[in-house]
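Inspection log for the structure reproduced underneath, given as C-alpha cells.
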C-alpha cells in the first residue's frame, strides 16, 4: 500500500508531503498505480523546485519513499502554489477513489 500525507498551511497551500510504500498491484516496473503516483509527485516536486521565489527541499531517499518540504515562497507565488496544491490533491484523491485498497491519503491542515 502507498501511504501519502499532505501537509497544508492555513491558506491551503502545500507545506509538505511524505509518501511511503508500493501499491502492490503488479510486478516492479508494471504497476500502473505506482507509476501514476510517481509521475504526479515527481512533477510537483520538479515544478516547485524550478519556480523562481520558491525554496523547496525534495528528497527521494530510496524507491518507494518521497518527500517535499516547501520552506519558503514569495507572496507573488501564492496563487500559483494554490493551483499546484489543488492539482496535486485532486490527482491523489482521484487515484484513491479508483484504488482505495492500495492508496491511503491523509490531508493534514
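Quick look at the numbers
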| item | result |
| --- | --- |
| Residue in the stretch 62-79 that is touching a strand residue (DSSP E or B) at 6+ places or on another chain (Cβ under 6 Å) and on the phi > 0 side of the Ramachandran plot present | no |
| Qualifying residue in the stretch 29-46 (condition: touching a helix residue (DSSP H, G or I) at 6+ places or on another chain (Cβ under 8 Å) and over 16 Å from residue 93 (Cα atoms)) | no |
| Residues within the stretch 1-11 that are touching a helix residue (DSSP H, G or I) at 6+ places or on another chain (Cβ under 7 Å) and closer than 16 Å to residue 57 by Cβ, tallied | 1 |
| Options 25, 81, 88, 14: the member that is surrounded by 12 or more Cβ atoms within 10 Å (Cβ to Cβ), out of contact with any helix residue (DSSP H, G or I) (no Cβ under 7 Å at 6 or more places or on another chain) and either under 21 Å from residue 1 (Cβ atoms) or at pLDDT 95 or above (or both) | 81 |
| Complete set of residues in the stretch 56-78 that are within 22 Å of residue 21 (Cα to Cα) and in contact with a helix residue (DSSP H, G or I) (Cβ under 6 Å, 6 or more places away or on another chain) | 58, 66, 68 |
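The values are calculated or read from the model by the stated rules, or taken from the named source; none is laboratory data. The structure displayed is predicted, hence computed values, not measured ones. For neighbour counting, all protein chains shown are included, and Cβ atoms are generated from backbone atoms with ideal geometry for every residue, glycine included.
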